[in-house]
Amino acid sequence: MNTFNRAQYDDFLVKSEDVYAHTKYQILLEWLRGRGRLKVLNAGCGSGELSLLLAAEGHTVVGIDPEPEYIQLARSRAAKNFPDSTFTVSSIEGYRGPGNFDAVVSTDVLEHIEDDHAAFNRLASLVRPGGLLLIAVPAGQWLFGYHDEQLGHFRRYSAATLRQLVSDTCRVQRVRYFGCTLIPVCLMYSQLLRKSYPVAQVGGGNGSLVSRILHRLLAIERRIHLPLGTSVLLCAERRAADEQAVPHSRRRAG
């Protein structure tokens, strides 16, 4: 099955200039700090930026992605600097490597998968009981537009729908929105202009006034939780096998 997406590949090529993505990664990295050296699976690792940030913090990282060209980008970026990082061509569903990870991280992946419930359950099965799952997905179905269509998204999420997705297997520790600053940009480009987001032009390290302002606004958002955003981030702990979740029907009734 061909999983290559030209728009997504082009997005990966400028990912190193994407202050939005890197600020989001820093939030996830902060959630892992203080837990020692972890064995981490980065599911849907793309071109490897987050994997290398994890490796730079001392974690042993396995990155998987179903697209060989994305994995090649990740391998070339890792080169000899991170010998404990390995990258393998594999989907979440098709992964057959060792499990029992201390943490699984998956950013901007579940929205690409039609059966996201099955995909998340598979991720949870790869984490040891008590281990962590860190998820980031696009927020706000009302923001769904051209950008989502070009990248092959099935949906966007709210904090509530992401909580519901993970609650059968995990206890939610943290959930928050990020990217409120960029909502006007998303609306204008993806819905009004029907264009992809101007990542390199707006969010890059080009030194422009707009870029400097965006850096500062996102740095503030990193510390302050706002009620809306363009992404929703979640940290959950996998339950032990004998720990029962409260059924959805009982949660709604309560």
May I ask you to list the residues in segment 217-240 that are free of Cβ contacts under 8 Å to residues at least 40 places away in the same chain and of a type outside the set (A, V, I, L, M, F, W, C)?
Arg223
Residue list for segment 169-195, filter: open to solvent by 40 Å² or more (accessible area, probe 1.4 Å), modelled with pLDDT under 95 and not β-branched (Val, Ile, Thr):
Pro184, Leu187, Met188, Tyr189, Gln191, Leu192, Leu193, Arg194, Lys195
Within segment 110-164, can you find the residues that are assigned to a loop (DSSP other than H, G, I, E, B), open to solvent by 40 Å² or more (accessible area, probe 1.4 Å) and of a type in the set (D, E, K, R)?
Glu114, Asp115, Arg155
Those residues of segment 67-88 which are among the charged types (D, E, K, R) and either part of a helix (DSSP H, G or I) or open to solvent by 20 Å² or more (accessible area, probe 1.4 Å) (or both) amount to Glu69, Arg75, Arg77, Lys80, Asp84
Run Ile64 past the list (1) surrounded by 18 or more Cβ atoms within 10 Å (Cβ to Cβ); (2) touching a Phe, Trp or Tyr at 6+ places or on another chain (Cβ under 7 Å); (3) modelled with pLDDT under 95 and report the number of the one that doesn't hold.
(3)
Any residue in segment 27-43 that is within 22 Å of Arg128 (Cβ to Cβ), outside any strand (DSSP E or B) and among the polar types (S, T, N, Q)?
no
Is segment 103-110 home to any residue that is under 21 Å from Cys170 (Cα atoms), out of contact with any helix residue (DSSP H, G or I) (no Cβ under 8 Å at 6 or more places or on another chain) and not aliphatic (A, V, I, L, M)?
yes
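If you go through segment 89-108, how many residues are open to solvent by less than 20 Å² (accessible area, probe 1.4 Å), closer than 26 Å to Ala159 by Cβ and not in a strand (DSSP E or B)? Break it down stepwise before answering.
So in segment 89-108, the residues open to solvent by less than 20 Å² (accessible area, probe 1.4 Å) come out as 90, 92, 95, 101, 103-107.
Now drop any that are not closer than 26 Å to Ala159 by Cβ, which leaves 92, 101, 103-107.
Imposing the further condition that a residue be not in a strand (DSSP E or B) reduces the set to 92.
Adding up the residues that qualify gives 1.
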State all residues of segment 21-55 that are over 13 Å from Thr107 (Cβ atoms), surrounded by fewer than 16 Cβ atoms within 10 Å (Cβ to Cβ) and touching a helix residue (DSSP H, G or I) at 6+ places or on another chain (Cβ under 9 Å); if no residue qualifies, say none.
Glu30
Counted residues, segment 214-230 - those being open to solvent by 90 Å² or more (accessible area, probe 1.4 Å) and either assigned to a loop (DSSP other than H, G, I, E, B) or of a type in the set (Val, Ile, Thr) (or both):
3
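The values are calculated or read from the model by the stated rules, or taken from the named source; none is laboratory data. Predicted model, so just to flag it, every value in this text is computed and none were measured. Virtual Cβ from ideal backbone geometry, glycine too; neighbours counted across all protein chains shown. Keep in mind that these areas ignore ligands, DNA and RNA; they rest on the heavy atoms of the full protein, side chains included. Shrake-Rupley method; radii C 1.70, N 1.55, O 1.52, S 1.80 Å.
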